[in-house]
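Colleague: Below are the structure tokens for one structure; questions will follow.
Any read-out appearing in this document is the output of simple, stated calculations on the displayed coordinates, not a laboratory observation. The shown structure was predicted, so the numbers you read here are calculated from the model rather than taken from an experiment. Neighbour counts run over all protein chains shown; Cβ positions are idealised from the backbone, glycine included.
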Amino acid sequence: MSVPPRDLIGSIAIQGMGAAATLAVGIAIAAWQGPDAQGHYGLLRTAADLLLALALFGLPQSMVHAINQRGASASALERLSWRYAAMLLAAALVASVLFASGAGAVLLPPWLSGSGALPALLGGCVGWVLQGLLRVFALCRGTARQFAWASVMPSLMLLLGVLGLLTAGSQRYEWALALSGLASALLTAWQLRPLRARPGWAQGEPAPLAGLLVDGGHAFAQTVTQALQAWVSLHLMQWHDATVAELGRFVFAAYVLQAFGLPTSFVAPLMFARISEAAGAGRRYAAGGILTRVLGLSALAALLGVGLLPVVVPLLFGPAYVAAVPACQLLALAGPLLVANRLGVAVLFGQGRFRLATLHALLRAMAVPAGLWLAWRMGGLDVVTGAAAGWLLAEAAGALAMAWIWIGLPLRPAE
């Protein structure tokens with residue numbers, strides 16, 4: 001299915017709002033509450049992202065594959081999505097009651113020990129899971145603009161919640177996360193109403209549970225690897241006696257990498273869906289030219305970032321973040337490598353080459369702690385700059401592996 005140019009441009013503009021909202025959350029916390037608050041938010045957000053990746057289990061990607069290549073019914077998959085979210089919500093309620101009664105309370109970290117913090121975190125994650133499943137139908141059955149609006153809902157709602165907390169002088173970011181999860185799930189469900197009214201919504205095969213689990217398992221490796229990268233890094237930094245302020249400076253520097261990753265996370269699903277649809281129809285989807293142009297723009301943005309960050313960061317955020325500048329520059333250099341890795345994986349998924357994508361994910365999972373260890377042990381860098389250097393090494397290892405894959409694997413549908 002081709003995307004009209006006007007629809008594509010509108011989709012990019014809408015998803016740009018989501019990327020800007022995500023970055024605005026970090027910038028607002030950095031400017032209003034400082035590195036300590038940034039570190040607290042980073043610990044909470046990385047935990048939420050990890051829970052989300054674990055709960056999704058790669059189901060969005062496997063659902064796209066099921067709709068495009070297995071002929072699955074969108075109606076059946078939507079019912080399955082609601083049942084799955086209800087099961088997760090029940091589990092979250094049970095866990096919250098157990099912890100509230102004192103059982104296992106010792107396992108809660110200090111940043112999650114506030115009243116109602118655990119149910120807010122878990123409830124918000126369940127909402128994000130449901131939203132992530134429902135937006136699949138906007139991707140496969142709707143327009144690019146509908147998918148874009150479905151994609152940006154969590155970021156926009158999170159920004160509203162965080163701004164409210166900052167105005168009140170609070171650091172209870174878990175409540176902003178809960179608002180984002182609930183509101184984005186409800187808004188995405190409401191947005192699907194015109195799609196449900198179409199004749200083809202209920203047509204197709206029943207939900208292929210076995211196929212969803214098998215294909216989802218391969219996609220699961222990707223999402224968990226991405227979520228684990230930040231979570232593992234922050235905890236390794238704590239083991240190296242990093243202060244909360246140092247964690248905050250690293251989280252701040254990571255927003256530079258997010259400036260590359262967020263637009264890519266919006267483009268990659270569109271590429272995945274289009275390539276998957278073309279492969280299912282036995283047609284070729286020309287991805288090589290798109291990849292070349294995007295990587296060229298990413299490299300230019302990285303060079304500009306390296307030159308401007310030493311001036312922009314102290315000017316906008318003051319002396320508290322000067323120590324984060326080298327980490328920001330290293331992560332700017334990692335940006336094009338991140339783009340290459342994520343778009344390359346999207347192509348592999350679209351072609352149905354799930355095993356290669358899983359192997360790539362496992363390599364990057366091992367490269368992150370290895371890169372941090374090398375940077376801290378061999379590079380003689382401080383804990384924040386060393387963590388950024390470790391991420392750069394991990395992205396470089398992933399990009400080299402992806403290049404090796406494509407040397408003998410043309411950008412064409414799987415046979």
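Colleague: Treat region 208-415 as a sphere of radius equal to its Kirkwood radius over Cα pairs and apply Stokes-Einstein at 20 °C in a medium of 1.002 mPa s; give the translational diffusion coefficient in µm²/s, rounded to a whole number. Before the final figure, lay out the partial values.
Modeller: Numbers: Rh = 17.9 Å.
Rounded to a whole number, D works out at 120 µm²/s.
Colleague: Now a separate question. Considering the Cα positions of the chain, please state its Rg to one decimal place and its Dmax as a whole number of Å.
Modeller: Cα-based Rg and Dmax for the chain come out at 20.9, 63 Å.
Colleague: Let me ask something else. For Ala72, which sequence-distant residues (separation of 5 or more, or a different chain) have an amide H within less than 5 Å of its own amide H, given hydrogens modelled in the peptide plane?
Modeller: For Ala72, the qualifying residues are Ile67, Glu205.
Colleague: Explain nothing, just the number: dipole magnitude of region 208-415 about its Cα centre with +1 on each Lys and Arg Cβ and -1 on each Asp and Glu Cβ, in debye rounded to the nearest 20.
Modeller: For this selection, approximately 580 debye.
Colleague: Quick one: Cα centre-to-centre distance for region 51-83 and region 200-254, in angstrom?
Modeller: Centre-to-centre (Cα) distance: 17 Å.
Colleague: Now, a different point. With +1 assigned to the C-beta of every Lys and Arg and -1 to the C-beta of every Asp and Glu, and no other charges, what is the dipole magnitude of region 97-228 about the Cα centre in debye, to the nearest 20?
Modeller: 440
Colleague: Restricted to Cα positions, what overall size does region 107-177 have along the principal axes? Three whole-Å values, descending.
Modeller: Reported extents, whole Å, longest axis first: 43, 30, 13.
Colleague: Expressed as a rounded percentage, what relative contact order does region 208-415 have, with Cα pairs under 8 Å and six or more residues apart? All intermediate terms of the calculation are to be shown ahead of the outcome.
Modeller: On the way: 250 pairs, mean separation 65.8, N = 208.
Value for region 208-415: 32 percent.
Colleague: In addition: State the extension gain, in nm to one decimal, for the chain segment bounded by Ala210 and Met366, taking 0.36 nm per residue of separation less the distance between their alpha-carbons.
Modeller: On the way: separation 156, 0.36 × 156 = 56.16 nm, distance 2.85 nm.
Taking 0.36 nm per residue and subtracting the Cα distance, the gain is 53.3 nm.
Colleague: Continuing with the same structure: Residue by residue through region 268-278, what is 3J(HN,Hα) from phi via Karplus (6.51 cos²θ - 1.76 cosθ + 1.60, θ = phi - 60°)? Round to whole Hz and write x for glycine and proline.
Modeller: 3J(HN,Hα) across region 268-278, in whole Hz: 4, x, 5, 4, 4, 5, 5, 5, 4, 5, 5.
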